[in-house]
Amino acid sequence: MKRFLCIILSVVLAVSAFSVVALAGKISYEDWEKYYATCDNTSITLTPGDNETEMNFCWHSERDGLNKPIVRISKSADMSAYKEFTGKSSFSEIVEQRVNDVTVTGLEENTTYYYVYGTENGVSEAETFKTHSFDSYKFLYISDAQPKHDHDLVQDSFNWNRTLEAAFTANDDISFIVNAGDVTHCGQYTNEWIAFLAPEYLRSYPMAATQGNHDAKGTSYKYYFNNPNVYLGITPKVYGNGYYFTYGDVLFVFINSNKINFYDNYLLIKKAVEENPDVKWRVAVFHHDIYGTEHHAVQDDAVAAQRTLAPVFDSYDFDVVLNGHDHVYGRSYFMKGHKVVENEGYDQGEVTDPEGTIYFTQTAASGNTRIPDEDYDYYWLGKTVVTGNDCYSTIEVTKDGVMEIITVDTITGETIDTFTITKTEAFNEKPMTMGYLGAILEPLMGEYFVIYEVLYKIFGALGNLIFK
């Protein structure tokens with residue numbers, strides 16, 4: 001009897017590993033190779049909706065006439081008593097395929113849902129996702145998965161799955177994923193998207209991803225994510241634009257930091273903040289680490305983003321910024337006006353009602369984390385951790401005003417950093433009295449800023465006279 005049970009158990013484990021259905025345990029590279037051979041670019045992705053009660057779905061499919069895409073959700077595994085939601089389809093980057101976008105509304109907290117997707121001509125096998133508490137929850141923060149078309153994509157994808165596997169095996173209460181960019185390496189090769197989409201975790205956990213500098217090398221990003229509240233701005237980008245959503249008491253603003261027109265990013269942030277005045281936290285996510293850990297942080301594109309975005313975060317009193325790009329983990333001191341703001345408890349990793357904004361830089365996620373060739377001792381760096389291994393962070397938000405960021409080494413399972421922010425006070429916004437340009441120039445001009453102030457007032461007065 002014991003031998004029979006062992007045989008049955010071995011079969012069950014083998015099937016689970018091959019299908020990657022079980023979201024716990026470790027899959028071997030050999031089994032991943034077999035599974036990966038079955039993957040293509042039509043795997044569905046989930047993204048957060050406008051708020052915690054919504055979920056967005058996106059998938060590629062073969063052309064199917066004029067049939068509208070549908071998603072059906074149910075609280076039962078047999079898909080009984082389902083609700084059906086209809087979306088829209090559009091052209092994709094592949095002539096033979098189309099892109100399907102559907103939004104599901106009316107989700108309840110702490111509920112397991114089953115879903116199928118397709119058209120009236122046929123739907124998929126059932127997949128599942130689970131909601132958790134809407135006012136106290138945890139999300140996963142990763143960056144730079146970046147599978148490379150001219151590399152070993154099976155290995156890259158295996159490593160990417162390994163990061164997700166480590167995070168979700170250790171945390172069964174994650175609500176969604178925040179990805180700080182470089183989703184792919186070149187942004188245009190279908191095989192990179194196959195590698196990125198392969199992990200089955202992405203069928204059950206929504207991912208909010210921003211555009212990295214590598215994603216900007218192609219136009220495919222926008223075809224694989226159904227993002228909420230997309231803001232095109234004055235100069236929309238063909239590969240994707242910024243967007244925002246709320247989840248509980250947090251406003252998340254995802255910024256395309258590749259944009260040369262930074263005024264668009266200012267307008268995005270302004271719109272998101274003004275439409276959501278009642279949240280407790282403001283979190284920005286973009287790729288370039290403007291107060292980062294390695295050589296990228298002082299390159300022209302990151303410096304330009306620093307000079308044009310940091311003043312907006314100062315003005316709107318953002319709490320946390322999540323970045324990637326440099327592939328080395330670290331966190332800044334709290335920054336304001338491009339200067340370090342000292343807050344009691346920072347060195348102990350626990351602050352209350354801090355002044356300024358703290359910036360985090362994440363490692364890579366598919367085996368491409370860097371070991372710096374020198375010690376980058378930037379004045380803004382409060383802590384840098386060099387492991388050479390990919391890492392992930394879980395960020396927990398509680399209804400009583402606490403945000404805890406825990407960062408873990410994917411390979412060793414060791415916690416490399418813990419930081420806690422307690423917030424009891426309301427936002428302390430600083431009006432841009434001299435306009436957006438003035439907010440950018442003030443820290444740069446120093447005592448000479450008075451010249452800009454005089455000119456601003458003169459042209460303002462002239463404008464009032466002309467357009468009165």
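The values are calculated or read from the model by the stated rules, or taken from the named source; none is laboratory data. Keep in mind that what you see is a predicted model, and the values were worked out from it rather than measured. Cβ atoms come from the backbone with ideal geometry, glycine included; neighbour counts cover every protein chain shown. The area values use the complete protein model at the heavy-atom level, side chains included, leaving out ligands, DNA and RNA. Shrake-Rupley method; radii C 1.70, N 1.55, O 1.52, S 1.80 Å.
Summary table below
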quantity: Residue list for the range 85-114, restricted to those being among the aromatic types (Phe, Trp, Tyr) and buried (at least 17 other Cβ atoms within 10 Å of the Cβ); calculated: 85, 113, 114
quantity: Selection count, the range 344-381, where residues are open to solvent by 30 Å² or more (accessible area, probe 1.4 Å) and in a strand (DSSP E or B); calculated: 2
quantity: Residue that is most open to solvent (accessible area, probe 1.4 Å), among those in the range 36-67 that are outside any strand (DSSP E or B) and modelled with pLDDT under 95; calculated: 66
quantity: Pairs where the first residue, in the range 165-177, is in contact (Cβ under 8 Å) with a residue 24 or more places away in the chain and the second is among the β-branched types (Val, Ile, Thr) and surrounded by 20 or more Cβ atoms within 10 Å (Cβ to Cβ), C-beta under 6 Å, 6+ apart; calculated: 166/410
quantity: Verdict on residue 200 being without any contact (Cβ under 8 Å) to a residue 40 or more places away in the chain, farther than 16 Å from residue 185 by Cα and open to solvent by 10 Å² or more (accessible area, probe 1.4 Å); calculated: no
quantity: Residues (open to solvent by 30 Å² or more (accessible area, probe 1.4 Å) and closer than 17 Å to residue 409 by Cα) located in the range 167-180; calculated: 169, 170
quantity: Some residue of the range 115-129 being open to solvent by less than 20 Å² (accessible area, probe 1.4 Å), at pLDDT 95 or above and not in a strand (DSSP E or B); calculated: no
quantity: For residue 231: the one exception among (1) touching a helix residue (DSSP H, G or I) at 6+ places or on another chain (Cβ under 6 Å); (2) at pLDDT 95 or above; (3) open to solvent by less than 50 Å² (accessible area, probe 1.4 Å); calculated: (3)
quantity: Long-range neighbours under 7 Å by Cβ, at least six apart or interchain, first residue aliphatic (A, V, I, L, M) within the range 339-363, second open to solvent by less than 40 Å² (accessible area, probe 1.4 Å) and part of a strand (DSSP E or B); calculated: 341/334; 341/335; 351/421; 358/320; 358/331; 358/332; 358/334
quantity: Subset of the range 428-455 [surrounded by fewer than 16 Cβ atoms within 10 Å (Cβ to Cβ) and in contact (Cβ under 8 Å) with a residue 60 or more places away in the chain]; calculated: 428, 429, 430, 431, 444
quantity: Residue in the range 98-114 that is nearest to residue 52 (Cα to Cα), counting only those that are outside any loop (DSSP other than H, G, I, E, B) and without any contact (Cβ under 8 Å) to a residue 60 or more places away in the chain; calculated: 104
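Residues checked against (1) β-branched (Val, Ile, Thr); (2) in contact with a Phe, Trp or Tyr (Cβ under 7 Å, 6 or more places away or on another chain):
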| position | (1), (2) |
| --- | --- |
| 88 | no, no |
| 91 | no, no |
| 94 | yes, no |
| 102 | yes, yes |
| 105 | yes, no |
| 108 | no, no |
| 119 | yes, no |
| 124 | no, yes |
